[in-house]
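The values are calculated or read from the model by the stated rules, or taken from the named source; none is laboratory data. Source: prediction; values computed, not measured. Here the Cβ positions follow ideal geometry from the backbone for every residue, glycine too, while neighbour counts run over all protein chains shown. The area values use the complete protein model at the heavy-atom level, side chains included, leaving out ligands, DNA and RNA. Shrake-Rupley method; radii C 1.70, N 1.55, O 1.52, S 1.80 Å.
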Amino acid sequence: MIYAAIMGYGTIGSGVFEVLEKNKDKIAAAAGQPIEVKYVLDLRDFPGTPVEDKVIHDFSVIEKDPEVQLVVETMGGLNPSYPFVKACLLAGKHVSTSNKALVAAYGTELLAIAREKGVNFQFEASVGGGIPVIRTMYRAMAGDKIQEITGILNGTTNYILTKMDQEGWSFKEALKEAQALGYAEQNPEADVEGYDTCRKIAILTALATGREVDYQEIPTEGITEICAEDLRYADALGLSVKLVGSSQVQGKDAMVWVAPLMVGKDNPLYGVNDVYNAVLIKGNMLGTSMYYGSGAGKLPTASAVVADMIEEAQNLNCHVSMGWSDEKLKVQPSDNSVYRYFLRISGKFEELHHAAEHYLGECRIALLEGLNEFAVLTEPMEKSAFEQARGRLSEMLAQSGDRIIQVIHAEA
Ligand code: HSE
């Protein structure tokens, strides 16, 4: 028997308990022995539930109990999860977490402690919810050099964009439903402003390069400026808007960004809807492979945490390296990157589209009935060239009191 403790009995923590109970036999066979939850640490009590007798409120009980070998951290945030996880590792316990904020901020330090103590710090559930993307990177792709990662990494925003597009829901309605379904962060700003995706692409980039990534260096744009009209224009152009995290490895560094991206029907990300996430990973030997599945939610995320617990149980006396060192990666600017650009321009199409094309080059045009504006989609251009053209076009439009209403990247 291996004893475990769950710190944080919210959506994911209670899901971990449920997965351990429901798949008990399968898990015992995979782990080599049964896994039994001895403690549930939470501020609350849970009378009348199966964890009623396991609830504790004092962290030191877990820290000091030598019988507890596996600890699950599903509290979220950094405080007290960071000091608690650190103390568990220092006490020689294995830790698995779903907490991307913790991994992005302290992954390097916590992995170093785990290495030193001969235990494991695992975080499969921190990226892509239930999709086994992290283990795929350090195990299945161990022989590849990873060159590029592009992913829809946030279930909440993908759900919001899908519902706004397909059901005509408002942003607020879709967010409220995502919260009710347990997808959203406690503070949904982390989802909609792209911060959650930023931390996840930082974690994947660290695993791809073996170098620490400061997520605060990653240019990040969320979906709060995306509106129903953008989605209607995208439909008209045969495109779909996705919040994407992207990383292109360049030598020892990488170009990393988070932003809404318009993708076409031949891009596998086009059909990734609702709470689903998908990650495209390009290896120098494998080429591009795609990982798709539930990106948030109780049981999918808990399933990934339990898979970590099993790997820890299989490696009780051995640290499994993920190749994440404390060398620092420099996030490179994306000035030379080539994209198409989607722009909405206020004013009369007949009067302005020639001028727009004068500055932006030949474009695809889209019009929506009843709006005093039009949209254009440029040919692929370098970011720096686009910024210059955009500036000149804005000046010209200002003369007639018009303006660029919206700009969204589109894949080249
Ligand atoms: N809020 C996150 C999401 C949860 O929506 O993807 C899973 O990390």
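Computing the accessible area with a 1.4 Å probe over protein heavy atoms, can you report the carbon and sulfur percentage for the chain? Taking all protein chains in place, the chain shows 47 percent carbon and sulfur surface. Per-residue Karplus couplings for segment 337-350, computed as 6.51 cos²θ - 1.76 cosθ + 1.60 with θ equal to phi - 60°, are listed in order as 5, 10, 9, 8, 10, 9, 10, 9, 10, 6, x, 7, 3, 4 Hz, Gly and Pro entered as x. Against the main long axis of the alpha-carbon atoms of the chain, helix 81-90 sits at an angle near 40°.
A Gaussian network model of the chain, with springs between Cα atoms under 10 Å, assigns the largest mean-square fluctuation among 314, 399, 147 to 399.
Does anyone have the angle between helix 195-209 and the longest principal axis of the chain? Alpha-carbon axes, 0 to 90°, nearest 10? Roughly 70 degrees, rounded to the nearest 10.
Take the alpha carbon gyration tensor of segment 68-177, find the square roots of its eigenvalues, order them as a ≥ b ≥ c, and report rounded if a/c is under 1.5; if not, report prolate when a/b exceeds b/c, else oblate. Working shown, then result.
Details: a/c = 3.13, a/b = 1.64, b/c = 1.91.
Because a/c hits 1.5 or more and a/b fails to exceed b/c, segment 68-177 counts as oblate.
Can you tell me what percent of all Cα-Cα pairs in the chain are more than 26 Å apart? Don't skip to the end; give the middle numbers.
Details: 47394 of 84666 pairs.
Pairs farther apart than 26 Å: 56 percent.
Only four residue types carry charge here, +1 at the Cβ of Lys and Arg and -1 at the Cβ of Asp and Glu. Report the dipole size of segment 45-117 about the Cα centre in Debye, rounded to the nearest 20.
380 debye
Normalised Debye scattering of segment 314-370 at q = 0.15, 0.20, 0.31 Å⁻¹ gives log10 I(q)/I(0) of -0.67, -0.91, -1.34, counting only Cα atoms as equal scatterers and leaving out solvent. With a Förster radius of 41 Å applied to the C-beta separation of residue 250 and residue 45, the computed FRET efficiency comes to 0.20. Between residue 367 and residue 187, the modelled labels are 4.6 nm apart [label points 7 Å from Cα along Cα→Cβ]. If the segment from residue 384 to residue 58 were pulled out straight at 0.36 nm per residue, it would be longer than the present Cα-Cα gap by 111.9 nm.
Compute the length gained on full extension between residue 412 and residue 286: take 0.36 nm times their separation in residues and subtract their Cα-Cα distance, giving the result in nm to one decimal.
Working: separation 126, 0.36 × 126 = 45.36 nm, distance 2.30 nm.
Fully extending the segment from residue 412 to residue 286 adds 43.1 nm.
Net charge dipole, the chain: roughly 820 debye, given to the nearest 20, about the Cα centre with Cβ charges of +1 for Lys and Arg and -1 for Asp and Glu.
Compute the relative contact order of segment 1-118 as a whole-number percentage, counting only Cα pairs closer than 8 Å that sit 6 or more residues apart in sequence.
Numbers: 175 pairs, mean separation 32.3, N = 118.
Result for segment 1-118 is 27 percent.
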